[in-house]
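The values are calculated or read from the model by the stated rules, or taken from the named source; none is laboratory data. Just so you know, these numbers come straight off a predicted model, no measurement behind them. Because the Cβ atoms are built from the backbone with ideal geometry, glycine has one as well, and the counts that use them run over all protein chains shown. Surface accessibility is based on the protein's heavy atoms, side chains included, excluding ligands, DNA and RNA. Shrake-Rupley method; radii C 1.70, N 1.55, O 1.52, S 1.80 Å.
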Amino acid sequence: MISNQILQNTIDGLKSITRIDLCVIDTEGIILASTFSEAEQSQSAVLAFVESPADSQTLQGFQFFKVFDEHQLEYVLLAKGTTEDVYMIGKIAAYQIQNLLVAYKERFDKDNFIKNLLLDNLLLVDIYNRAKKLHIEIDVRRTVFIIETKYEKDNNALETVRSLFSTKTKDFITAVDEKNIILVKELKPTDDYESLNKTASVILDMLNTEAMSKVHVAYGTIVDDIKEVSRSYKEARMALDVGKIFYSSKNIVAYNNLGIGRLIYQLPIPLCKMFIKEIFDGKSPDDFDEETLSTINKFFENSLNVSETSRQLYIHRNTLVYRLDKLQKSTNLDLRVFEDAITFKIALMVVKYMKYMETLDY
């Protein structure tokens, strides 16, 4: 259904060109849009016209026209005046609104198709058949972006994304829940993952400045067939979740750059608990005090370099060595040894993952 604002804009534009007053009323006599104030006086005449077999008629100084949507009466259009010119303008206005109905219905059908495609609600044969009917190309390169907004139903963010990509008719913007805006973007043959990252940066910058929205952007891999779009969507969703757990400082997360975080995200929780128990004998690396944890994280950031880590922590090298020795005694892991450092790093990530999954259970 066309919004009342769109109907109002349409007849306002027609009046500015033709200087003919117009009014759109639904089949129950409710005024949806009008360029003049006395339209309410014609409501009873409109209801009588709805019941009549005529498609147009002149009554009470107005031309009445029926606007159909696939043989179903949708609106009644009033054009003020009884001359032939008014009749012609009224016919043009009715034709314009009828075309708007078709365009919006097609847009709705496409949106519905894309949602079902993303959620794997279509059989393979239905995907190709419906894509053909909706004039959506099948074998072009696409990827899926998910833009997560801070607030539910963030209309400012949605409109900003639409303004960015609305001119590109082969891109689709939709949503399957309250907080995520989904962009299914068609790509050029020359577009690569660097191009996708630039697109994500543009979205992020525009939403931060135009819509004043704090958002996270994630995207999946590039696919070559419409049936693979749902896979790219699932990858983008995983990237969003993995980014929250392991890369919280990043506002843009790509599925193909998730690294070991993607592997840990797919581990079953019982296996994670078993791993932590074996490594730390029932303890958790999260139990360490803030000083020890900041030392460990800074040591990892500096690729196990003792001198650089002590410099950045503003402590003596011997103090850092003492802390690492103390940690080794309590865990039997020497972070100066690469294999032990890898084990500890993975354990920290596993604990983060377990904590995140616990929050989802509540």
Hey, does the range 167-176 have a residue that's of a type in the set (A, V, I, L, M) and within 23 Å of GLY13 (Cβ to Cβ)?
no
Is it true that VAL229 is in a strand (DSSP E or B) and under 20 Å from ARG141 (Cβ atoms)?
no
Residue list for the range 177-198, restricted to those being among the β-branched types (Val, Ile, Thr) and open to solvent by 30 Å² or more (accessible area, probe 1.4 Å):
THR190
When every residue in the range 94-115 that is without any contact (Cβ under 8 Å) to a residue 12 or more places away in the chain and open to solvent by less than 80 Å² (accessible area, probe 1.4 Å) is compared, the one farthest from THR18 (Cα to Cα) is ASN112
Residues within the range 60-78 that are among the charged types (D, E, K, R) and either without any contact (Cβ under 8 Å) to a residue 24 or more places away in the chain or within 16 Å of SER42 (Cβ to Cβ) (or both), tallied
2
Only residues in the range 79-93 that are in contact (Cβ under 8 Å) with a residue 60 or more places away in the chain and more than 11 Å from PHE64 (Cα to Cα) count as the first member; pair them with residues that are aromatic (Phe, Trp, Tyr) and surrounded by 20 or more Cβ atoms within 10 Å (Cβ to Cβ), Cβ under 8 angstrom, at least 6 apart or cross-chain, and list the lot.
ALA93/PHE65
I'd like to check something: does the range 116-136 contain any residue that is in contact with a Gly (Cβ under 8 Å, 6 or more places away or on another chain), open to solvent by less than 20 Å² (accessible area, probe 1.4 Å) and touching a residue at least 40 places away in the same chain (Cβ under 8 Å)?
no
Being polar (S, T, N, Q) and in contact with a strand residue (DSSP E or B) (Cβ under 8 Å, 6 or more places away or on another chain), is that true of even one residue in the range 15-22?
no
(1) open to solvent by 50 Å² or more (accessible area, probe 1.4 Å); (2) in contact with a helix residue (DSSP H, G or I) (Cβ under 6 Å, 6 or more places away or on another chain); (3) hydroxyl-bearing (Ser, Thr, Tyr) all hold for THR35 apart from (1)
Is there a residue in the range 320-340 that is at pLDDT 85 or above, touching a helix residue (DSSP H, G or I) at 6+ places or on another chain (Cβ under 7 Å), open to solvent by 90 Å² or more (accessible area, probe 1.4 Å) and part of a helix (DSSP H, G or I)?
no
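In the range 270-292, how many are part of a helix (DSSP H, G or I), under 16 Å from TYR356 (Cα atoms) and open to solvent by less than 50 Å² (accessible area, probe 1.4 Å)?
3
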Just a yes or no: is a residue in the range 253-268 loosely packed, with under 15 Cβ neighbours inside 10 Å, of a type in the set (S, T, N, Q), at pLDDT below 90 and not in a helix (DSSP H, G or I)?
no
Would you pick out the residues in the range 341-362 that are open to solvent by 50 Å² or more (accessible area, probe 1.4 Å) and in contact with a Phe, Trp or Tyr (Cβ under 9 Å, 6 or more places away or on another chain)?
LYS345, LYS352
For the range 217-239: of the residues being within 12 Å of the chain's Cα centre (by Cα) and surrounded by 21 or more Cβ atoms within 10 Å (Cβ to Cβ), which is nearest to TYR128 (Cα to Cα)?
TYR233
